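Participant: The following block contains the structure, expressed as C-alpha cells.
The values are calculated or read from the model by the stated rules, or taken from the named source; none is laboratory data. Bear in mind the structure is a predicted one, so any value in this text is a computation, not a measurement. Cβ placement follows ideal geometry from the backbone for every residue including glycine, while neighbour counts extend to all protein chains displayed.
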Amino acid sequence: MEMVYFEAIANSLDAGATEIKIDISANALNQPESIKISISDNGLGFTDERFKKFCNLLDVDERSHKGLGRLVYLCYFNEVKILSNYNETFKREIDFTESFSEENARVTKSEKSPSGTNLRMGGYTLSKLGKNNFIFPAYLKGRILEEFYSRLFQLKQEKKSVSIKINATIENIELKEELNNSDIPTFETVELESSINLIDKFYLHFSITEVQPDKTSLIAAVSVDNRTVKVEIIAEENIPLGYNMVFLLYSDWFTGKTDSTRSSLDISEAEFQNIQHIFRNKVASIVEERIPQIIERNKQTRKNLITKFPHLTGYFIAESVGYLSRTEILKKAQDQFFKAQKDLLDANTLTDEQYEKAIELSARALTEYILFRQITIEKLKKSTSKDSEAEIHNIFASMRVQFDKEDAAHDLYRNNAWLLDDKYMTYETVLSDKELGDLITYITEDDATPRDDDRPDLAFVFSNDPNTSSSFDVVIVELKKRGIKVEENMKTVTQLEKRARKLMKLYKNQIQRIWYYGIIEFNEEVELALTGEYKELYSAGKMYYKETKVAIQKNPDIILPIGIFMWDIDAVVKDADARNSAFLNLIKSKFTA
C-alpha cells in the first residue's frame, strides 16, 4: 500500500514537480471500501512523450526506471483516474484499468492553465487495510522521508524547494503534515575505501543531531536511482537515545541495482556483505567519534556477552558488538564456534552449506530429545497407585527387550536409563524384564546356562564390553508400583539379594562392580523400616544405602558383601528433573523475547 504513494511521488518528482499534495479520506477505519486517495502535483504533466512511456509497460530508457510502478495502483483500487494539464493548453484524461490502452485516454484543448497532474483512486479492493497507519499523515510523512531521503537531499543541494503536503479526513477528523526542505538536515560527506569497484567511488553523507529521547531515530540506507534502500547498520536495540542520525551511502555503482519493487538491492550476497561491512565500519567510527559514551557501552556489552557465553570468547566480532542485534552477534559467534569444531564432529569433509544444514538438523534433534526427556519425567511424576508395575516399568524401558550399544541412537526413545543416571547411557547392553540367565549368558557367553523365571526388571552391563574386556560393571534394578504395602515394598530387598547370589559368583572374575537398586514409593512406614539398617544418602529426594553379606556357596562357605540402594521413586523424578533442567532452561532461554 505504501508503494501507491511512493510510485506517485516518484513520478511527480520525475516530472519536475516542486509541490505535491496528498488528500486521503475514509468514513471509518473499518470501512476500507470508503477510502479515497488523491495525489496532485505541479509537474510537467502527461506530455505526449511521457504518455507514450506510460502506455508501454517496461519501455524505459534508463536503468534507474523499472516501468512497473503504475501497476501497484490496480492492486488496491478498482477506480484509477488521471487528469493532467500539459503544454499550457492541453488536458489529458485517463481511465486506468487492467485493460488500459491508448484509446482509454482523452485529450482536449482548453484555455491556458498551469501544468500538473491529479491522480484519483477509489474502490479499495481488499477487505481491510494491512496497517491503519497507511492512511495517517504522520506515519506517511516518515515513510516518504525514508524512501526519498536521497532524492530530497539532492534537490536541496541543487537549491530546489520541494513541498509534500499530506491531508487526511478520517471519521470526520482532519489531520495534516508537511514535508519540505527543512526536514532534510545539513550533511557532512566522507569518502569510503572499497575494493568492490576500482572506478566508482563511494561517498557517505551523514548527519547526527541531538533531540529529545522520544524523538530518537535512525535512517541508514543506500541511495539507488534517487530512492533509498534500507540497510541494517545499527540494530534498533542499539540506537543511541537522544539522537537523530541519518547515513546515506552514494555511488554510481548502485545505478539500476534494485529489484522491481525498489525495496531491496539486486546484487549478490557476497557483494551485499561487503557493502554492509564497509558501511557499518564507517558508521561505527563516526558514531564513536561524535558520541564517545558509545565506546564504553560497547565494551560493557562485549564483557556481558563473554561473561554469559564464555565458550564463545574469541568468536565475537569486535566491530559488530553494539551495532548488530544481540541475537545476530550470538548467531555469528556460534557459527564460527561450530565451524572451528568441525573436526571434533567428524564433519570436516562437508561443505560449509552441508555443515550448517547438519548443525541445524542436529540442533533440532537434540532439542526434540531434551523435550522428550522432560515429557518422560513429567509422566513418571504424574504416575499414581492406579498405574500398574508394568506401566511404570515401560516408562524406564520397554519390557522384554534387549538394548545394545550399537543400536543406542535408534533406541533413544525406548530406553530411558538416564532416569537413574546419565552415566548408564554408556551401557554395552540393557536387559529389560529378561531372564537372569540371559544376563549370565551375555556376560559369560555360556549357552548352557539353565533357563529360569527369575527376571530382574532392569539389568545394565556398562563401562566395557564383556567380549573384549575382563572387567565391567553391572547394575540390577527392581521396580515396585506406587501405593503398595510396606511388606511388599520390603520384598524388594529379598529380590535383590536373590539376584546377588547368582551374579556374585562372577564377581572379580568377569564383573568388577555391581550396584543393586530398589525403586519404591517411600512413606513414613517404609522410612521407619529402613532407618534401622540403612544410612540416608544425598539426593534431591530420599535414598538409603546399606551393606549386607550374601552367601553364594556352601562347603566351603563363601560369603561376600553387597551394597543395596533403596530409592524413592519421587527422588528418581527429582534427580532426573534437576539434571535435565540445565538443558531445558537453555532451550527455553532461546524462546524468550
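Participant: Pick out the one residue from LEU530, LEU560 that is part of a helix (DSSP H, G or I) and of a type outside the set (Lys, Arg).
Facilitator: LEU530
Participant: Can you name the residue in the stretch 72-93 that is among the hydrophobic types (A, V, I, L, M, F, W, C) and modelled with pLDDT under 90 and is also surrounded by the most Cβ atoms within 10 Å (Cβ to Cβ) among such residues?
Facilitator: VAL72
Participant: Filter the stretch 97-130 for residues that are hydrophobic (A, V, I, L, M, F, W, C) and under 19 Å from ILE22 (Cα atoms) and give the result.
Facilitator: Within the stretch 97-130, LEU119, MET121, LEU129 qualify.
Participant: Any residue in the stretch 267-283 that is among the basic types (Lys, Arg) and out of contact with any strand residue (DSSP E or B) (no Cβ under 7 Å at 6 or more places or on another chain)?
Facilitator: Yes, some residue in the stretch 267-283 is among the basic types (Lys, Arg) and out of contact with any strand residue (DSSP E or B) (no Cβ under 7 Å at 6 or more places or on another chain).
Participant: To continue, here is another question. Every residue in the stretch 500-527 that is assigned to a helix (DSSP H, G or I) and modelled with pLDDT under 90, please.
Facilitator: Of everything in the stretch 500-527, those that are assigned to a helix (DSSP H, G or I) and modelled with pLDDT under 90 turn out to be ALA500, ARG501, LYS502, LEU503, MET504, LYS505, LEU506.
Participant: Could you check the stretch 85-124 and list, in sequence order, the residues that are within 27 Å of MET1 (Cβ to Cβ), of a type in the set (Ser, Thr, Tyr) and out of contact with any Pro (no Cβ under 9 Å at 6 or more places or on another chain)?
Facilitator: Answer for the stretch 85-124, where residues must be within 27 Å of MET1 (Cβ to Cβ), of a type in the set (Ser, Thr, Tyr) and out of contact with any Pro (no Cβ under 9 Å at 6 or more places or on another chain): THR97, SER99, SER101, THR117.
Participant: Further question on the same structure: Inside the stretch 215-232, can you point out the residues that are under 29 Å from the mean Cα position of the chain (by Cα), modelled with pLDDT under 90 and not in a strand (DSSP E or B)?
Facilitator: Across the stretch 215-232, the qualifying residues are VAL231, GLU232.
Participant: Further, regarding this structure: Can you tell me which of (1) farther than 19 Å from GLU174 by Cα; (2) surrounded by 19 or more Cβ atoms within 10 Å (Cβ to Cβ); (3) among the hydrophobic types (A, V, I, L, M, F, W, C) is the one ILE37 doesn't meet?
Facilitator: (1)
Participant: Which is aliphatic (A, V, I, L, M) and touching a Phe, Trp or Tyr at 6+ places or on another chain (Cβ under 6 Å), of ALA340, ALA333? Spell out how you get there, then give the answer.
Facilitator: Values: ALA340 fails: touching a Phe, Trp or Tyr at 6+ places or on another chain (Cβ under 6 Å).
Exactly one of ALA340, ALA333 is aliphatic (A, V, I, L, M) and touching a Phe, Trp or Tyr at 6+ places or on another chain (Cβ under 6 Å), namely ALA333.
Participant: Looking at (1) assigned by TED's automatic domain parsing to the domain that holds ASN416; (2) surrounded by 14 or more Cβ atoms within 10 Å (Cβ to Cβ), can you tell me which one GLU547 breaks?
Facilitator: Every condition holds for GLU547 apart from (2).
Participant: Still on this structure, I have one more. Considering only the stretch 249-260, I want to know if a residue exists there that is in a strand (DSSP E or B), in contact with a Ser or Thr (Cβ under 7 Å, 6 or more places away or on another chain), surrounded by 12 or more Cβ atoms within 10 Å (Cβ to Cβ) and not polar (S, T, N, Q).
Facilitator: yes
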